[in-house]
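Written below as structure tokens is the structure these notes are about.
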Amino acid sequence: MKELSLHILDIVKNSVKAGATLIGIDIIESVQADELTIVISDNGCGMSKDFLARVRDPFTTTRTTRKVGMGIPLYEAAALQCDGRFDITSEVNVGTTVTAVFGLSHIDRAPLGDMAETMTTLVSGSPEIDFCYTHQTDTNRFVFDTREIRKELGEVPLNLPDVILWIDAFIKEGLTTLALSRGETNK
Amino acid sequence: MKSLEELKAIREKALGQVNMRTEQEGNIRVVVGMATCGIAAGARPVLNAFVSELAKRGMNNVQVTQTGCIGMCRLEPIVEVYVPGEEKVTYVKMDEEKAARVVVEHLANHKVVNELTIGAVEK
Ligand SMILES: Nc1ncnc2c1ncn2[C@@H]1O[C@H](COP(=O)(O)OP(=O)(O)OP(=O)(O)O)[C@@H](O)[C@H]1O
Ligand SMILES: [Mg+2]
């Protein structure tokens, strides 16, 4: 995929399908360590030890429309192609955590891309699920948490067009501020 | 700065509108395939184009929703349009410009964009 934010959208969709009610997306960009770490965690149905051992194989899927599941293998390949690491931990009825580490300055690393669009796509597709997205640099941190938004909105659903537009602007602004604070433009 | 205060205003406005859009009759549904195959082929900007074109035109009788794999991965991004009382229309190999066309020609002016449908592309 062209952007890491597209992989994130895809991997979080797995969490949605697993029945999660709370999904965390934590991005840590460390220039010092020259690493970009993405941790996606959910409280969904989890996977058994046996299934987990096979899940990086494309022929492992619970889909019925086709025989291959490409989401996890593609994401793992994206990390490994830039001297990264990849790990999944999971426990049945507790949840799943997918951790990918990318060489930040590696030439084969895809750009992070449009995280605001990934988040609005997720929220408008699953307005009842809570998403907590944190983005950390060596010096600063940005947080977007739907639980805070829900508090303000009360009974009004999160997928209202006005709310989605607000979320898009909120994240774009937050990430621009993060980028400026380390003297770079947004990648 | 974007503030949580603005959400309060959005909330008041939404509660003031009696006819919440989900209860409106004659709702059109636009369904975008958003599994790995769709996302890799460009479904995210297609979805976004539908949402923003519809918002721009104030067409709140159309609901945009997402689904998983429709089962024809090489034709992604795939978009299905459901108009009440009419047969489902399946658009394939979509992009942002085609999405804008479907909004204007099909959703606003009720004319199916035949050349973008699965029937035309598969020939
Ligand atoms: N967070 C998760 N919680 C529980 N099960 C998961 C989770 N992520 C993946 N799985 C299981 O692993 C399988 C493989 O996932 P993967 O994303 O590789 O492919 P897929 O989702 O089946 O299809 P695709 O991603 O190609 O649309 C899934 O079908 C699902 O059964
Ligand atoms: Mg998947």
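Worth a mention:
- Considering residues of region B:44-70 that are touching a Lys or Arg at 6+ places or on another chain (Cβ under 9 Å) and assigned to a loop (DSSP other than H, G, I, E, B) only, the residue nearest to the other protein chains (Cβ to nearest Cβ): B:Cys69
- Residue match in region A:71-81 (condition: in a loop (DSSP other than H, G, I, E, B), within 14 Å of ligand 2 (Cβ to nearest atom) and either within 14 Å of another protein chain (Cβ to nearest Cβ) or surrounded by fewer than 15 Cβ atoms within 10 Å (Cβ to Cβ) (or both)): no
- Count - residues of region A:15-41 that are in a helix (DSSP H, G or I) and surrounded by fewer than 23 Cβ atoms within 10 Å (Cβ to Cβ): 2
- Residue within region A:57-64 that is facing chain B (nearest Cβ under 10 Å), away from ligand 2 (no atom under 12 Å from the Cβ) and surrounded by fewer than 19 Cβ atoms within 10 Å (Cβ to Cβ) present: yes
- Odd one out for B:Arg44, checked against (1) open to solvent by less than 30 Å² (accessible area, probe 1.4 Å); (2) over 26 Å from B:His110 (Cβ atoms); (3) away from ligand 2 (no atom under 16 Å from the Cβ); (4) not hydrophobic (A, V, I, L, M, F, W, C): (3)
- For region A:11-32, a residue qualifies if it is within 16 Å of ligand 2 (Cβ to nearest atom) and under 8 Å from the mean Cα position of the chain (by Cα), and the qualifying residues are A:Ile11, A:Val12, A:Ile25.
- Test: residue in region B:84-91 that is away from every other protein chain (no Cβ under 14 Å), under 28 Å from A:Ser15 (Cα atoms) and charged (D, E, K, R): no
- Hits in region A:143-160 (condition: facing chain B (nearest Cβ under 9 Å), assigned to a helix (DSSP H, G or I) and either hydrophobic (A, V, I, L, M, F, W, C) or open to solvent by less than 60 Å² (accessible area, probe 1.4 Å) (or both)): A:Ile149, A:Glu152, A:Leu153
- Within region B:85-116, the residues that satisfy the criterion of being part of a helix (DSSP H, G or I) and either open to solvent by 100 Å² or more (accessible area, probe 1.4 Å) or among the charged types (D, E, K, R) (or both) are B:Glu96, B:Glu97, B:Lys98, B:Arg101, B:Glu105, B:Asn114, B:Glu115.
- From the list B:Val113, B:Val83, the lone residue that is farther than 23 Å from A:Thr120 by Cα and touching a residue at least 40 places away in the same chain (Cβ under 8 Å) is B:Val83.
- Applying a threshold of 7 Å to beta carbon distances and a minimum spacing of six or more residues, or different chains, the list of pairs starting in region A:58-78 at a residue that is under 22 Å from A:Gly103 (Cβ atoms) and acidic (Asp, Glu) and ending at one that is modelled with pLDDT under 95 and within 9 Å of ligand 1 (Cβ to nearest atom) reads A:Glu76/A:Arg56.
- Residue in region B:27-43 that is outside any loop (DSSP other than H, G, I, E, B) and more than 14 Å from chain A (Cβ to nearest Cβ) present: yes
- Each residue in region A:114-142 was checked for being open to solvent by 10 Å² or more (accessible area, probe 1.4 Å) and in a helix (DSSP H, G or I), and 3 of them qualify.
The values are calculated or read from the model by the stated rules, or taken from the named source; none is laboratory data. In this text the structure is predicted, and so the values were computed from the model without any measurement. Backbone-built Cβ (ideal geometry, glycine too); neighbour counts: all protein chains shown. SASA here: full protein model, heavy atoms, side chains in, ligands and nucleic acids out. Shrake-Rupley method; radii C 1.70, N 1.55, O 1.52, S 1.80 Å.
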